[in-house]
Amino acid sequence: MNKKKSYSPALVSILIGVVLCGLVFGLLFLVRNTLKANDTGIVQMAQTIGRKIVDPYPINPDHIGAVLLSLLGAIMLVVGAALIISGIAKLFEAIAENERNMMSYVPGALMLLCGAVIAYGFAKALLLGVTRFSTEGMYVHLFIDAGILLIIAALLIGMGCSRLVRAQKYNRSVKIYGMPPADVNRSMGLKASNLISGIGIHTLLVIMSVVWLIPFVCIILQSFRVETAMPVGYVLPKTWGFGNYTGLLKTDFPKWYLNTFIMALVVAVLQTIIVLCMSYVLSRFRFKMRKPLMSFMLILGMFPGMLTMIILYRVLKDLGLTQANAVPGLILVYIASSGMGYYVSKGFFDTIPKSLDEAACMDGATKAQVLFRIILPLAKPIVIYTILTAFMAPWGDFVFARYISMNTSAGMNVAVGLNSWLSLDQINSHYTMFCAGGVVVAIPVTILFLCLQRYYVEGVTGGAVKG
Amino acid sequence: MASVKLTNVKKIYDKKVVAVHDFNLEIKDKEFVVFVGPSGCGKSTTLRMIAGLEDISEGTIEIDGEVVNDLQPKDRNIAMVFQNYALYPHMTVYDNIAFSLRLQKLPEDVIYNKVTNAAEILGITDYLMRKPRALSGGQRQRVAIGRAMVRDSKVFLMDEPLSNLDAKLRNQMRAEIILLRQKLDTTFVYVTHDQTEAMTLGDRIVIMKDGYIMQVGTPTQVFEMPENLFVAEFIGAPKMNIMRTNLRRNMNGNYCVTPFGSEIEVTGFKNEELKALNARDGEIILGVRPEHITLTENGGPNTIPVTLEVNEMMGSELHLHVYTEDGTRIIVRVPTVDLDPEKRCSLVSGKKLNITFTGKVMHFFDPKTERNILVKED
Amino acid sequence: MRKYSDVEYLKLSKSKRFLYRFLSFFAGIPGAVWGFIKKIGLAVKGGVSAVGNEFKDVFTTFKNGDWKTRLSYLIMGFGCLARGQILRGLLFLLFEIVFIIYMVVAGAHWLSLLPTLGTKGPSVEYNAVYDQYVTTYNDNSFKILLYGVLTIFFIIAFIYTWRVNVKQNRIAEGILKSGKKLKSGRDDLRSLVDDNFHKTLLALPLTGIIIFTVLPIVFMILVAFTNYDGSHDGYYNNLFTWVGLDNFNTMLSWEAAGGGQSYAATFGEILSWTLIWAFFATFSNYFLGMLVAMMINKKGVYLKKVWRTILVMTIAIPQFISLLYVSKMFAKNGIVNGALLDLNLITKPLPFWEKAGWARVMVILINIWIGIPYLMLIATGILMNIPADLYESAKIDGASGWQQYRKITLPYMLFVTGPYLLTSFTSNMNNFNVIYLLTGGAPTNSAASTAAGSVGYTDLLITWLFKITTGPEAQYYMASVVGIMVFVVVAVISLIVYNLLPSVKNEEDFQ
């Protein structure tokens, strides 16, 4: 006694979608035409209708676009209300049936969402009559709204199609086997749902990538701006040029760059050595003070690092390693306490089996030989990870570098130097150079990172998490 | 001369946990000694103490007459094969084997000769330039042995080397280790949890439990004269059948046991030994191996009536799992070669049978101390 | 309420079970607290008895030792030299000589001044020869404190070495008595690359840590008990001196300071925002990062590497560039406002950084932007390690995607990254860069600012610390107090969470 699933809901949904598409394209077409020819009967009609709808609000009849826009908004209202209502109905239906499968809530939720978006459109359409807008803005509005409607249409069509497919499968199964197909609870067919979720995910990923990269794209664009060095409200430069980059060479920027580069190199080497010593010992040797030492360093790490800044500055000052000589001073500060960052490397060393050490001991190696001949060749990923992180650190260190260089330009690193260009007195003349400087700093570091990305990932996932 | 002598060796962790109690053993030169026992019995710990990988809490270990307690592993002149082979992953097979020789700063041509010799003996000359990850389990096993071989050490230690291999490979490698032993001619100390390996490989077996030595003896000795209940049950597969029963003299003055209501006389030399011991009547733990139990046709004196539960077909023999009237389970091994086909078909679940055994296969254990009463304490 | 047995518990309905668990959690709290107190008590007792044992050992060694040992109590290293261990004996002796020289020449001087931190400040006198006022600088409170602390460290090191010296004698006597040989200098050197290799390797890093981390921290803790600030810098201006717990009283007092809000109120405000910020920053990044990782990891997603690389690239770019630029992007005349104005979506620029609520939300959002790639990496690594057969058996049992997530993925992730969450939380509490570079603490909280410099609504405790340090008054002592408070808060949270973490409790479940 199995009812045949009717095709009507699916067909209705597809129909609505197609009609919507048609309406949108039609209106867009109309807009294009009215802009070409100034006066047609349809335009007059649209004007009158538009005036009636948005009458309470003063609107300039010369703005044909405004009228059509309001029409579009009205349509959206109707569609939106329908979607909201049906969405709520579907949700209640699913809740009432205590649906376990999450997928059955999706159609209702989707409809609700679309309805809400459309309601926004309606609100905007109303407000348009009140607020002033420019010609360019109007077209952007138009396209945005049209786009939203098209997406909804596509969704409706898609859902309709999948329902169609499912109903067809259901009916066919009933006809042939006398029984409904096994997969009754899924609201969409397997392939179709994968496809849609795949599309959804990919869209999301694209949007995410755009969002993540926007600031950097903006920086690069702004670094090419030559018409003014002030921070402005638009992105694309009106005049393009390399002026900012050449200007960098005339300032102290090369000195800062050199400082940071030297610091990064020296720190990369020395810090790696110290961290590896520390983590190897803590991983491999069991001596009495081992656990107390680790707890002690844990507690030390709970103090804010900045606390030590003041006294280190005084001590370095007495040693003559501040201000203009900030570079050696900073190097000393960085590497001296770097032993505390043993955590990730230790986690990695813990994964190397101790029986290798024992076998080497039996073969006659001293502990030092074990380290250099057996363990280190196996620890290549973590060594590279440590070198990479140690190298990248001085490029971004801000607080310590600033405090120790104490306003002396010759001792600053790139972070402090570039930041000084953003101070109130310098920002209007140096903003674009800041962007250029940022690009110059970011590019080599990024390229290095991308090349060694594999090791970084291994280090983070292997060592950072095991511990 | 490469003898190993352990005197009163103890291993205590954290001042509380005693892993090895008072271990005393003398291993003669060129002897193959196997430490065997269940997990956690302390056999690996003892081996590692001999190797120098664990500190000795108390007692002394002498290798070749020299006390080695404070010597580093590399100074003790011993070689070890680890359970998971511990091959250096980033080196080729050749480099793995040559590693210890290079540390001794031997000239390269000497190293070459030694390594290729060992490779030939072990049959791995084709793999010398491969890295460990490109080898199978058995091949890695051989490389590990090769690495230990080239050191020409006095004592060869092996820590459960076959436990990572599948059953067929294990049998094969067992034979190869016996061959290797003949070629190498040094002292071997071998640790395993598998009693079959212990019995086939060892000149002498040391059975351990919870850090104590249960018995030291040749395979024959531990099989035929187990000193205590643990050894009796550990050695031999399937396990020896253990029955709690009573020992008493019967009317003829001979000893007999009374399991499950039946009376079975102790025949043979065991009777004489019991008489010599003047064993008292009373409770006794009786042990009889499955292969020593026979089926008889009829009931009567000296038999036990049982019911068949499960019949396992092993190929050349049947393992019959039977149970007595009070539910005790006994295993009987019956060779199939002389078995009447009719009789074999009748051996189905529920069939009533009678079993019997002679006196010379009985083992008697004191119920309280679990010691074999016929074995003298020394 | 009584404890249910397993069978009884299983009979209860879901709501009753929840109630039971809820009540038993609260019922267990007094027990847990008592257990914690007992643990502390045991630790203290252990410490005291250890110290007692040390003293006992010193006495018995003297009593039972031979004359070489006894002389070593006075002349360190004598015992070693007399027994043929030249290298060790010389090292001990050298250390003692250096120590004595130091104490005589400098140490005693600094120690004597430590209680007062100097008495004579800079004095201005009229010098008739040059016809002007000449300032002579006398005591230097900073140096006194610094070298005083160094001297105390040195004394502690000396006591420790002396103790080692005594122990060495006892062990050496024991070895000789049992007939064995003592280690020669050559043996010692050789053991440095073998048994004692760890000492060789640790020597340099630990020295660095002690001098550049431990010493400054001890120093700054002590500063919290002085009045060291810009106008009392200890040398050029006035000296500074001990003020005991005054600073802590000021910080925790509820009276109005500087005519506005009290310190305690300011501290409370900043502390609560710090905690809220740390909470949101950590958990939003964590869950969203996990979500992104799962999304990219799904079957059927193309170009997985591309998406990951794009996101991971943002880690490479130095934070100061991204943060500074983004903060300018959302400024009044920035790009975002400009674009929104152009699109006529708004008429006035949005007050992203001007209103407290907006600024706080923006900071959290931008932190998500910064933090997700890193979390995504970690989550990807962990997700790949979850054994696939867990999912397969769940699928066969009929679990949907969401159920699999809740029952398999989430518990596993939480277990593995539990400790990481804790460290992430505490490091977010001290996350200077994000807040300072984005807002500098703005918008300014005028009420709180009266208390201690310009305080803003997005200030964390640590940015407040920075502002106090670099502010016009440079109240270092206040900064130290804040620093100590931060430490206390972080330590307490870490302790509690660490003891509650499932990773600590159910370690066997996942192995």
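Pairs only if they're at least six apart or on different chains, beta carbon under 8 angstrom, first in region B:326-352 and in the same structural domain as B:T245 (by TED's automatic domain parsing), second at pLDDT below 85; list them, first residue then second.
Note: pairs meeting the criteria are B:D326/B:F260; B:T328/B:F260; B:T336/B:R344.
Being open to solvent by 30 Å² or more (accessible area, probe 1.4 Å), within 17 Å of C:L324 (Cβ to Cβ) and not in a helix (DSSP H, G or I) is the requirement here; does A:S423 meet it?
yes
Please enumerate the residues belonging to region B:63-121 that are among the acidic types (D, E) and either more than 33 Å from the chain's Cα centre (by Cα) or outside the structural domain of B:G138 (by TED's automatic domain parsing) (or both).
Passing the criteria: B:D95, B:E108, B:D109.
Would you tally the residues in region A:402-418 being within 12 Å of another protein chain (Cβ to nearest Cβ) and open to solvent by 30 Å² or more (accessible area, probe 1.4 Å)?
3
So if I check each of C:A359, C:A394, C:A388, which one is away from chain A (no Cβ under 14 Å) and within 25 Å of A:M306 (Cβ to Cβ)?
Just a single option satisfies the conditions, and that option is C:A359.
Consider region B:326-361. How many of its residues are of a type in the set (A, V, I, L, M, F, W, C) and not in a loop (DSSP other than H, G, I, E, B)?
Adding up the residues that qualify gives 8.
Does B:M314 satisfy the criteria of being hydrophobic (A, V, I, L, M, F, W, C), modelled with pLDDT of 85 or more and over 20 Å from B:L286 (Cβ atoms)?
In short, yes.
How about region A:251-293: which of its residues are more than 35 Å from the chain's Cα centre (by Cα) and open to solvent by 40 Å² or more (accessible area, probe 1.4 Å)?
Of everything in region A:251-293, those that are more than 35 Å from the chain's Cα centre (by Cα) and open to solvent by 40 Å² or more (accessible area, probe 1.4 Å) turn out to be A:R286, A:F287, A:K288, A:M289, A:K291, A:P292.
May I ask you to list the residues in region A:238-291 that are within 14 Å of chain C (Cβ to nearest Cβ), among the basic types (K, R) and out of contact with any Lys or Arg (no Cβ under 9 Å at 6 or more places or on another chain)?
Within region A:238-291, A:R286, A:K288, A:R290, A:K291 qualify.
What tally of residues in region A:310-326 results from selecting those that are of a type outside the set (K, R) and at the interface with chain C (Cβ under 7 Å from one of its Cβ atoms)?
In the first step, residues of region A:310-326 are kept if they are of a type outside the set (K, R); the result is A:310-313, A:315-316, A:318-326.
Cutting the leftovers down to at the interface with chain C (Cβ under 7 Å from one of its Cβ atoms) gives us A:310-312.
Total satisfying the criteria: 3.
What number of residues in region A:387-401 are open to solvent by less than 10 Å² (accessible area, probe 1.4 Å), part of a helix (DSSP H, G or I) and farther than 19 Å from A:Y456 by Cα?
Keep residues of region A:387-401 that are open to solvent by less than 10 Å² (accessible area, probe 1.4 Å), which gives A:388, A:390, A:394-395, A:398, A:401.
If we keep only those that are part of a helix (DSSP H, G or I) as well, we get A:388, A:390, A:394-395, A:401.
With the extra rule that they be farther than 19 Å from A:Y456 by Cα, the set shrinks to A:401.
Number satisfying all stated conditions: 1.
What number of residues in region A:350-364 are buried (at least 22 other Cβ atoms within 10 Å of the Cβ) and either more than 8 Å from chain B (Cβ to nearest Cβ) or not in a helix (DSSP H, G or I) (or both)?
The number of residues fulfilling the criteria is 1.
I'm trying to understand the selection: among the residues of region B:94-153, which are hydrophobic (A, V, I, L, M, F, W, C) and open to solvent by 80 Å² or more (accessible area, probe 1.4 Å)? Show your work before the answer.
Here is the first cut: in region B:94-153, the ones hydrophobic (A, V, I, L, M, F, W, C) are B:97-99, B:101, B:103, B:106, B:110-111, B:115, B:118-119, B:121-122, B:124, B:128-129, B:134-135, B:143-145, B:148-150.
Once the filter is applied, which keeps residues that are hydrophobic (A, V, I, L, M, F, W, C) and open to solvent by 80 Å² or more (accessible area, probe 1.4 Å), region B:94-153 yields only B:M129.
Any idea which of B:R280, B:R244 is assigned to a loop (DSSP other than H, G, I, E, B), under 25 Å from B:D326 (Cβ atoms) and of a type outside the set (S, T, Y)?
Within the list B:R280, B:R244, the selection yields B:R280.
Collect the residues in region C:128-158 that are within 28 Å of the chain's Cα centre (by Cα) and of a type in the set (V, I, T), keeping them in residue-number order.
C:I144, C:V149, C:T151, C:I152, C:I155, C:I156
Which condition number in (1) surrounded by fewer than 20 Cβ atoms within 10 Å (Cβ to Cβ); (2) within 11 Å of another protein chain (Cβ to nearest Cβ); (3) more than 18 Å from C:L111 (Cβ to Cβ) is the one that C:F212 fails?
The number of the failed condition is (1).
Please find, within region B:56-75, the residue that is nearest to the other protein chains (Cβ to nearest Cβ) out of those that are touching a residue at least 40 places away in the same chain (Cβ under 8 Å) and farther than 14 Å from B:N8 by Cβ.
Checked region B:56-75; the qualifying residue nearest to the other protein chains (Cβ to nearest Cβ) is B:I63.
Do any helices (runs of 4 or more DSSP H) lying entirely in region A:193-306 carry at least 1 residues that are in contact with a Pro (Cβ under 9 Å, 6 or more places away or on another chain), and which ones are they?
A:243-250, A:253-284
For region C:337-368, which residues satisfy the criterion of being within 35 Å of the chain's Cα centre (by Cα) and without any contact (Cβ under 8 Å) to a residue 24 or more places away in the chain? Walk me through it before giving the result.
First pass over region C:337-368, keeping only residues within 35 Å of the chain's Cα centre (by Cα): C:352-368.
C:F352, C:G357, C:W358, C:V361, C:L365, listed by residue number.
Suppose we keep only residues that are within 12 Å of chain A (Cβ to nearest Cβ) and within 18 Å of C:D195 (Cβ to Cβ) within region B:36-55. Which one would you say is surrounded by the most Cβ atoms within 10 Å (Cβ to Cβ)?
Ranking the qualifying residues of region B:36-55, first place goes to B:G52.
Within region C:193-203, can one find any residue that is within 14 Å of chain A (Cβ to nearest Cβ), touching a residue at least 12 places away in the same chain (Cβ under 8 Å) and loosely packed, with under 14 Cβ neighbours inside 10 Å?
Scanning region C:193-203 turns up no residue that is within 14 Å of chain A (Cβ to nearest Cβ), touching a residue at least 12 places away in the same chain (Cβ under 8 Å) and loosely packed, with under 14 Cβ neighbours inside 10 Å.
So which residues in region C:251-277 are open to solvent by 50 Å² or more (accessible area, probe 1.4 Å) and modelled with pLDDT under 75, if there are any at all?
First, the residues of region C:251-277 that are open to solvent by 50 Å² or more (accessible area, probe 1.4 Å): C:252, C:254-256, C:258-259, C:269, C:272, C:275-276.
Across region C:251-277, the qualifying residues are C:L252, C:W254, C:E255, C:A256, C:G258, C:G259.
If C:Y160 satisfies every condition in (1) within 13 Å of chain A (Cβ to nearest Cβ); (2) surrounded by 14 or more Cβ atoms within 10 Å (Cβ to Cβ); (3) of a type in the set (S, T, Y) but one, which is the exception?
(2)
Restricting to region A:443-464, and then to whatever is facing chain C (nearest Cβ under 7 Å) and open to solvent by less than 10 Å² (accessible area, probe 1.4 Å), can you tell me which residue is modelled with the lowest pLDDT?
A:V460
Could you pull out the residue among B:R102, B:R140 that is under 30 Å from B:V20 (Cβ atoms), of a type outside the set (V, I, T) and within 14 Å of chain A (Cβ to nearest Cβ)?
Answer to the check: B:R140.
What about C:I217, is it outside any loop (DSSP other than H, G, I, E, B), surrounded by fewer than 18 Cβ atoms within 10 Å (Cβ to Cβ), at the interface with chain A (Cβ under 10 Å from one of its Cβ atoms) and modelled with pLDDT of 85 or more?
On the way: outside any loop (DSSP other than H, G, I, E, B): yes; surrounded by fewer than 18 Cβ atoms within 10 Å (Cβ to Cβ): no; at the interface with chain A (Cβ under 10 Å from one of its Cβ atoms): yes; modelled with pLDDT of 85 or more: yes.
No, not satisfied.
Which pairs have Cβ atoms under 8 Å, sit 6 or more apart or on different chains, and link a residue in region A:328-340 that is more than 10 Å from chain C (Cβ to nearest Cβ) to one that is open to solvent by 30 Å² or more (accessible area, probe 1.4 Å) and assigned to a helix (DSSP H, G or I)?
Once the first residue is more than 10 Å from chain C (Cβ to nearest Cβ) and sits in region A:328-340, its partners that are open to solvent by 30 Å² or more (accessible area, probe 1.4 Å) and assigned to a helix (DSSP H, G or I) give A:G329/A:L319; A:L330/A:F400; A:I331/A:V266; A:I331/A:L270.
When you scan region B:299-313, do you find a residue that is within 21 Å of B:C256 (Cβ to Cβ), in a helix (DSSP H, G or I), touching a residue at least 12 places away in the same chain (Cβ under 8 Å) and open to solvent by less than 70 Å² (accessible area, probe 1.4 Å), even just one? Can you show your working first?
Initially, region B:299-313 is screened for residues within 21 Å of B:C256 (Cβ to Cβ), giving B:299-306.
Narrowing the set further to residues that are in a helix (DSSP H, G or I) leaves none.
Checking region B:299-313: not a single residue is within 21 Å of B:C256 (Cβ to Cβ), in a helix (DSSP H, G or I), touching a residue at least 12 places away in the same chain (Cβ under 8 Å) and open to solvent by less than 70 Å² (accessible area, probe 1.4 Å).
The values are calculated or read from the model by the stated rules, or taken from the named source; none is laboratory data. It should be emphasised that the depicted structure is a prediction, and the values quoted were computed from it without experimental measurement. Every residue, glycine among them, receives a Cβ derived from its backbone with ideal geometry; neighbour counts consider all protein chains shown. The area values use the complete protein model at the heavy-atom level, side chains included, leaving out ligands, DNA and RNA. Shrake-Rupley method; radii C 1.70, N 1.55, O 1.52, S 1.80 Å.
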